[in-house]
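A short worksheet on the structure shown next.
The values are calculated or read from the model by the stated rules, or taken from the named source; none is laboratory data. Bear in mind the structure is a predicted one, so any value in this text is a computation, not a measurement. Quick note on the areas: whole protein, heavy atoms, side chains included, nothing else; ligands and nucleic acids left out. Shrake-Rupley method; radii C 1.70, N 1.55, O 1.52, S 1.80 Å.
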Amino acid sequence: MLGRRRGSSSSSKSHEPNTGTAVTADNSQGATVSQFITELDESVTRRLNRMYQRLRLLEQQMETLEADVAKASNDPETLKGCS
């Protein structure tokens with residue numbers, strides 16, 4: 001009917017390539033890439049957290065030093081020893 005051969009539905013499946021092996025290979029590569037991205041993301045997240053903590057510590061130290069400098073600048077007794 002309309003240009004189709006009889007029995008072609010069963011034979012069309014035999015012409016399709018067997019992708020079972022290729023899918024397994026693609027899945028293992030996909031899993032490897034996915035695992036790499038996950039590990040990279042975790043590593044970067046840990047590093048950013050460490051950097052953030054270090055930055056916060058440095059900011060606190062800077063605020064402490066600024067407060068000490070402001071206190072020393074307002075105290076004439078502290079400045080006498082510098083001249």
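Details
- Taken as a whole, the structure places residue 38 among residues that are modelled with pLDDT of 60 or more, of a type in the set (Val, Ile, Thr) and under 15 Å from the mean Cα position of the chain (by Cα).
- Note on the stretch 60-81: residues that are modelled with pLDDT under 80 and open to solvent by 100 Å² or more (accessible area, probe 1.4 Å) total 2.
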